[in-house]
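What follows is a short report on a single structure.
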Amino acid sequence: MRSDVEPRGSGIRTGEPDIVGRSKRLWLREGGTCLVELVPSLRSFTYRRDELVAATGKLRLDFYELAAARLADSGVRTAFRARVGDIRYLADYRPAPPFEVIVKNVATGSTIRKYPGLFEEGYRFSPPVVKFDYRVDPEDQPIGEDYLRAAGVPVAAFHEVALRCNRVLTEWLSPLDLWDFCLVVAVDTDGEPIIISEVSPDCMRLRSEDGRALDKDLFRAGADHDTIVAQWRELIDRVRG
């Protein structure tokens, strides 16, 4: 934990949040930082399911705290600074771009649905596929990289940080099988990429050795809240070691 932030349980006082999203609330602070509070929401446009699932906010942060430490040790920059509660953490604040970066190790989900016949379900990409989706309601849409370059986005640098993140997470989570995940990447104050979104079961597809879903696919498939929470707790216990 960095020495210039309040430790866990510091009792930070807040008023109304400055930014409110579906999955988090942010309070902007001095020095380019923010306080983030996770909302225990899970949403799937494809499966038309949008619910609050108690305890998933804490579990997302449990996973993210561990993942951020692993990424930092490998030189991958994230916005995470320190945890200050069950569902709150301090982070560097960087305005979020209107797109996300997705790494695909396995063809599944939208790859099969949007590009029928191109790949079979379960096809393994080598090297991994990196794509960009424009974040827009009701469903994110793929965006061509030339549009992003024209808008001044350092596409090559974002590609590289996404692949580096993939290598770290794949090695850390093995023998679990990381199928895909999404990130929101911004440009830091020194011009370098920084991952500003959480890394958690809510933003990835992760399978056990016997093929069981350990991620938001449980929610997509209609699992009840207790099952989702139990499986995510088991996952946290396992990666915590």
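Where a number appears in this text, it was derived from the coordinates with a stated rule and is not lab data. Note that the structure is predicted; figures quoted are calculated from it, not measured. Ideal geometry is used to build each Cβ from the backbone, glycine not excepted, and the neighbour counts take in all protein chains shown.
Taking label points 7 Å from Cα along the Cα-to-Cβ direction, SER126 and ASP226 give a separation of 4.3 nm. For the chain, the spread of Cα coordinates along the three principal axes comes to 53, 46, 34 Å, biggest extent given first.
Hey, with R₀ at 51 Å, roughly what FRET efficiency would GLU234 and GLU145 work out to, going by the Cβ-Cβ distance, to 0.05?
Numbers: r = 38 Å, r/R0 = 0.75.
FRET efficiency, GLU234 to GLU145: 0.85.
Once the Cβ-Cβ distance of ALA72 and SER208 is raised to the sixth power relative to R0 = 22 Å, the FRET efficiency obtained is 0.25.
Sort region 145-219 into rounded, prolate or oblate with this rule: let a ≥ b ≥ c be the square roots of the eigenvalues of the Cα gyration tensor; rounded if a/c is under 1.5, and if a/c is not under 1.5, prolate when a/b is larger than b/c, oblate otherwise.
Numbers: a/c = 2.60, a/b = 2.23, b/c = 1.16.
Verdict is prolate for region 145-219.
Across region 42-112, the relative contact order, built from alpha-carbon pairs under 8 Å that are at least six residues apart, equals 17 percent. Spin-label model, ALA96/ARG48: points 7 Å from Cα along the beta carbon direction are separated by 2.6 nm. Per-residue ellipticity at 222 nm computed for the chain from its helices equals -8500 deg cm²/dmol, with DSSP H segments shorter than 4 residues left out and the rest contributing -39,500 (n - 2.57). Scalar couplings 3J(HN,Hα) for region 103-118, obtained by applying the Karplus form with A = 6.51, B = -1.76, C = 1.60 to θ = phi - 60°, are 10, 10, 8, 9, 6, 6, x, 5, 4, 6, 6, 8, 10, x, x, 7 Hz; x denotes Gly and Pro.
Rounded, prolate or oblate: which one fits region 197-241, using the alpha carbon gyration tensor with axes a ≥ b ≥ c (rounded when a/c is under 1.5, else prolate when a/b beats b/c, else oblate)? Mind dumping the intermediate values first?
Numbers: a/c = 1.34, a/b = 1.18, b/c = 1.13.
Rounded.
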